[in-house]
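The values are calculated or read from the model by the stated rules, or taken from the named source; none is laboratory data. Please read these numbers as outputs of a predicted model, since none were measured by experiment. Neighbour counts are summed over all protein chains in view; Cβ atoms, including those assigned to glycine, are modelled from backbone coordinates with ideal geometry.
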């Protein structure tokens, strides 16, 4: 990537072409030729909503973990399409944290949890965390495995650590809320669900939980 000034018409043209032909490879290639990541991050705050959409989509394809703050803020953008693009983009950005070996190991953890091999996921996540304590997604995958095995306190601790590392991790906040809900701690569950919703206002299932728990606690 290499340019010095924000070329808004170029980005908008690339975005509109992508919407028409859905050629991801061509879109990524043109982005890499035309824009630095820092410029895309600045354009994610541009006044024109179509530019913000284009920039957030682009960061989802080519942004590294340093774009986490920018895309995390975009989750609360006034334009709903920007928010939805940010939801997809930030998950991709989280998966790009770390070096190549760490990303490969993270992919293994995701597959293990998907296959319900949770004990193995916990063991391998522990090894990865031991080598890279700052790796939020390793903590999050271990939290998922603990939750799936009914180890709710362990899951809560790992969700909390995920959020300490990555304060935009709405999935960890929602997961912690679910664990507290299973424990019957409605007040803490509500607090966690509200935190998740502050980070990502379009989590409709979480919004339902907030409304239900608010009514429940008001009646006690």
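Structure above, values below:
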| read-out | value |
| --- | --- |
| Enumeration of residues in the range 185-220 that are under 21 Å from residue 85 (Cα atoms) and assigned to a helix (DSSP H, G or I) | 195, 196, 197, 198, 199, 204, 205, 206, 207 |
| Hits in the range 82-91 (condition: touching a residue at least 40 places away in the same chain (Cβ under 8 Å) and more than 11 Å from residue 60 (Cα to Cα)) | 83, 84 |
| Restricting the range 160-187 to residues that are free of Cβ contacts under 8 Å to residues at least 12 places away in the same chain and farther than 23 Å from residue 134 by Cα, the residue that is surrounded by the fewest Cβ atoms within 10 Å (Cβ to Cβ) | 184 |
| Residue among 65, 27 that alone is in contact with a helix residue (DSSP H, G or I) (Cβ under 7 Å, 6 or more places away or on another chain), crowded, with 20+ Cβ neighbours inside 10 Å and not assigned by TED's automatic domain parsing to the domain that holds residue 200 | 27 |
| Test result for residue 139, in a loop (DSSP other than H, G, I, E, B) and out of contact with any strand residue (DSSP E or B) (no Cβ under 7 Å at 6 or more places or on another chain) | no |
| Subset of the range 92-104 [in contact (Cβ under 8 Å) with a residue 24 or more places away in the chain and either surrounded by fewer than 20 Cβ atoms within 10 Å (Cβ to Cβ) or assigned to a helix (DSSP H, G or I) (or both)] | 92, 93, 94, 95, 96, 102 |
| Qualifying residue in the range 54-67 (condition: part of a helix (DSSP H, G or I) and farther than 23 Å from residue 32 by Cβ) | no |
